[in-house]
1. Work from the charge dipole of the protein assembly as shown (Cβ charges, +1 for Lys and Arg, -1 for Asp and Glu, about the Cα centre) and give the residue of B:N105, B:A198, B:G233 farthest towards its positive end.
2. I'd like the orientation of helix B:256-276 relative to chain B: the angle between its Cα long axis and the longest Cα principal axis, in ° from 0 to 90, rounded to 10.
3. I want the local charge near B:L137. Using Cβ-Cβ distances under 11 Å, sum +1 for each Lys or Arg and -1 for each Asp or Glu among the other residues.
4. Which shape class applies to the protein assembly as shown: rounded if a/c is under 1.5, otherwise prolate when a/b exceeds b/c and oblate if not, where a ≥ b ≥ c are the square roots of the Cα gyration tensor eigenvalues?
5. Can you tell me, using C-alpha contacts under 8 Å and at least 6 residues apart, the relative contact order of chain A as a whole percent?
6. To the nearest 20 debye, what charge dipole does the protein assembly as shown have about its Cα centre, counting +1 at the Cβ of each Lys and Arg and -1 at the Cβ of each Asp and Glu?
7. May I ask you to derive the FRET efficiency for B:S70 and A:E31 from their Cβ-Cβ distance with R0 = 45 Å, giving the value to the nearest 0.05?
8. If you average the C-alpha positions of segment A:58-116 and of segment A:1-25 separately, how far apart do those two centres end up, in angstrom?
Amino acid sequence: MINPELMRSIIAGGMAMGVSMASREAAVYDEKGVVRAPNLRTYKLLHIGQEPDYRVGFVETPEQDSPYGVRSYSEHGIIGIPAALANALSAAFGRELCLLPLTPERIWKAIREEPK
Amino acid sequence: MIPFDFIYCRPDTMEDAYQAFVQLQTEGKNPYYYAGGSEIITMARAGSIRPGAVIDLKWIPECRVLSLDSDELHLGSVCTLNEIKESKLFPLLTLACGRIADHTNQCRITLGGNLCGTIRYRETCLPLLLADASVTLFGGQGLRRVPFASVFNGRMRLEAGEFIVQVHVPKKALQAPHYHIKQTANEKIDYPMVTVAALWQDRFLRVACSGLCAEPFRSAEMEAVLNAQNLSGADRVRKAVELLPQPAYDDVEGSAEYRKFVFQTILEALLEEVTHGPL
């Protein structure tokens, strides 16, 4: 790893986007197709102060086809987080929750519509 | 930015403010009374309002009062939420002010602005409705003092050109046991999905609510049910939820059904705490 702290930051940044996407972000439309949350006042993102503790570890595997075996990386953290959050909440509520975003209201609806 | 010019008017007396309003209105300037400005600035930037003049009430001494005498607490209409909060004179109102917007905005938003604004929650009205507060207004009739509930029905029902000078809270209500429960969709700092404020006075639970319906309310019918000694706690809550004065509100923050569910769980927690003490 060339710059471990920078790599940790990029991955944690991706995880933050994943938490935000999975827990609250949705493009909701009304029956006329108008966006119901058209600005950042109503379309709410996860923000500073709401971040959980991100734990990042790396498994170093050389990329055989590239010069020096180097491997690029990016905000890969975003990919696994929605599934991780959905698994955690599914385990907590004892039923499969797989529709994003997993807001309190959506969870309430899922539980009400499909009693245990 | 605000993409138009407007007149800024800064009267020193109540009479000057009212006269300025009448004059500017006659000239077709569409004047607005101005206090903290948080809502007027935001809405003027967004293009939802276009005032040709604003009349700043913050330099009128009567509107700046924040004092306690032997009978009442007097709150000037341009006191900021933070000033009211830090005075700690009315604990329930302190809680309500402390949960409106963030600290920066609490230092701008005023009591009068929160009550008279177009943002529908107006959460400072809840403690005032519960405390049987009264309000002093200034307008075409000069000064008049009336019960707060007689001019606040979901929003302030003022006469043309009239503005709030002060709110008066009876001393009895200031130290009564109280509850304030605010539930948002997700964030701590946000508009309420449902806010419930309650005051225990004369062995009777007074309850007011914002966010649940289009406008905030205190309902005598709902209070009667919540205080019905012959009913179980669960029955009281169930009946109270059926007594909404307007349909539950439905928007992107929360559906009507969900708001009713949140209201029900808040009432359950409230009755539990009133009966058995803090959890």
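1. In the protein assembly as shown, that residue is B:G233.
2. Approximately 70 degrees, to the nearest 10.
3. +1
4. Details: a/c = 2.33, a/b = 1.48, b/c = 1.58.
Since a/c reaches 1.5 but b/c is at least a/b, the shape of the protein assembly as shown is classed as oblate.
5. Relative contact order comes out at 37 percent.
6. 400
7. 0.20
8. 13
Taken together, the values in this text are just the output of simple stated rules run on the coordinates, not laboratory data. Remember, predicted model here, so these are calculated numbers, not experimental data. Cβ sites come from the backbone with ideal geometry, for glycine too, and all protein chains shown count toward neighbours.
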